[in-house]
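Participant: Got a structure here, written out as structure tokens. Questions coming.
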Amino acid sequence: MSDLQSLPIRAVIMGHIHTPQVIAKDPLVLHTGVLERHDFGEEENECGCWIVNVTDQTAEWVPLPARKFYTLSLDISRPSDIDAGAVKDAVVRVTYRATEEQAKQVDHGAIIRALRAAGAFDVAGVYPDIIRDERTREASVTETTRPMEALERWLTLRSDLSEGLRARVLAAAAELLEEELR
């Protein structure tokens, strides 16, 4: 900052940071922010522009209307309980917490239809936050887990695979790893 302040300039206007902010006043140093939101990382960002007077090194923030991005944390026991005022004209993403079994019962299509009926501009997606059961936690993999052990743990979680298929997958993986070590 001291290097900028030592230069014979009246303003430094930067555009990469999407949060509008004045960093210094002599000379004026600011980040512009954004005119409109682009993703959910900017959900809370104000949108607008600066009117800069380089003569007296002042800046006035002018808010602009911009499409709202809204994250709806849904209670799956009340999936139709949607605040129409919050989602109207917004790009909406939905999150919900559920067990694996509960998540299988959640009708994402019904949630999307309810959001559209409430006036959402667009639905970016419906994303479950799965509450893992004890069996899943026991099967966790870390950076110290060996590849075959990780594969075995993953295969135990797959209820849709026969024992024969599991055995064939493990044998093929062992063969590939052995071949890689040669």
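The values are calculated or read from the model by the stated rules, or taken from the named source; none is laboratory data. Quick caveat: nothing in here was measured; it's all calculated off a predicted structure. Virtual Cβ from ideal backbone geometry, glycine too; neighbours counted across all protein chains shown. Just so you know, the surface numbers come from the protein's heavy atoms only, side chains and all, with ligands and any DNA or RNA stripped out. Shrake-Rupley method; radii C 1.70, N 1.55, O 1.52, S 1.80 Å.
Participant: What's the number of the only condition in (1) hydroxyl-bearing (Ser, Thr, Tyr); (2) open to solvent by less than 50 Å² (accessible area, probe 1.4 Å); (3) under 30 Å from Ala117 (Cβ atoms) that Thr32 fails to meet?
Facilitator: Against the list (1) hydroxyl-bearing (Ser, Thr, Tyr); (2) open to solvent by less than 50 Å² (accessible area, probe 1.4 Å); (3) under 30 Å from Ala117 (Cβ atoms), Thr32 comes up short only on (3).
Participant: Quick check on this structure: which one of Arg158, Arg97, Arg93, Arg67 is touching a residue at least 40 places away in the same chain (Cβ under 8 Å) and over 30 Å from Leu28 (Cα atoms)?
Facilitator: Values: Arg158 fails: touching a residue at least 40 places away in the same chain (Cβ under 8 Å); Arg97 fails: touching a residue at least 40 places away in the same chain (Cβ under 8 Å); Arg67 fails: over 30 Å from Leu28 (Cα atoms).
Unique residue meeting the criteria: Arg93.
To keep it simple, each residue is scored yes or no on (1) closer than 30 Å to Asn45 by Cα; (2) open to solvent by less than 80 Å² (accessible area, probe 1.4 Å); (3) hydroxyl-bearing (Ser, Thr, Tyr).
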| position | (1), (2), (3) |
| --- | --- |
| Phe69 | yes, yes, no |
| Asp75 | yes, yes, no |
| Gly109 | yes, yes, no |
| Asp122 | yes, yes, no |
| Glu143 | no, no, no |
| Arg158 | no, yes, no |
| Glu163 | no, no, no |
| Leu177 | no, yes, no |
| Leu181 | no, no, no |
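Participant: Just to be sure before I move on: is Asp89 on the phi > 0 side of the Ramachandran plot, out of contact with any helix residue (DSSP H, G or I) (no Cβ under 8 Å at 6 or more places or on another chain) and at pLDDT 95 or above in the structure I sent?
Facilitator: yes
Participant: Every residue in segment 79-127 that is under 21 Å from Glu36 (Cβ atoms) and either part of a loop (DSSP other than H, G, I, E, B) or charged (D, E, K, R) (or both), please.
Facilitator: Those that are under 21 Å from Glu36 (Cβ atoms) and either part of a loop (DSSP other than H, G, I, E, B) or charged (D, E, K, R) (or both): Lys88, Asp89, Ala90, Arg93, Gly119, Ala120, Phe121, Asp122.
Participant: Something else now. Only one of these is under 30 Å from Ala66 (Cβ atoms), without any contact (Cβ under 8 Å) to a residue 12 or more places away in the chain and of a type in the set (A, V, I, L, M, F, W, C): Ala117, Ala84, Ala124. Name it.
Facilitator: On inspection, the qualifying residue turns out to be Ala117.
Participant: Consider Glu134 against the criteria (1) modelled with pLDDT under 90; (2) open to solvent by less than 70 Å² (accessible area, probe 1.4 Å); (3) closer than 30 Å to Leu72 by Cβ: it satisfies all of them except one. Which criterion is unmet?
Facilitator: Of everything listed in (1) modelled with pLDDT under 90; (2) open to solvent by less than 70 Å² (accessible area, probe 1.4 Å); (3) closer than 30 Å to Leu72 by Cβ, Glu134 misses just condition (2).
Participant: Which residues, taken from segment 30-57, are assigned to a loop (DSSP other than H, G, I, E, B), touching a His at 6+ places or on another chain (Cβ under 9 Å) and within 30 Å of Ser73 (Cβ to Cβ)? So that I can check it myself, show each step before the final result.
Facilitator: Looking only at segment 30-57, we keep the residues that are assigned to a loop (DSSP other than H, G, I, E, B), and these are 32-33, 35-39, 43-46, 54-57.
Still in the running and touching a His at 6+ places or on another chain (Cβ under 9 Å): 32-33, 37-38, 45.
Gly33, Arg37, His38, Asn45, listed by residue number.
Participant: Looking only at residues in segment 1-29 that are outside any strand (DSSP E or B) and open to solvent by less than 40 Å² (accessible area, probe 1.4 Å), which one is farthest from Asp89 (Cα to Cα)?
Facilitator: For segment 1-29, the residue satisfying everything is Pro27.
Participant: Among the residues of segment 157-174, is any assigned to a helix (DSSP H, G or I) and under 20 Å from Glu100 (Cα atoms)?
Facilitator: yes
Participant: Let me ask something else. Has segment 35-47 got at least one residue that is open to solvent by 40 Å² or more (accessible area, probe 1.4 Å), touching a Gly at 6+ places or on another chain (Cβ under 8 Å) and at pLDDT 90 or above?
Facilitator: The answer is yes; a qualifying residue exists.
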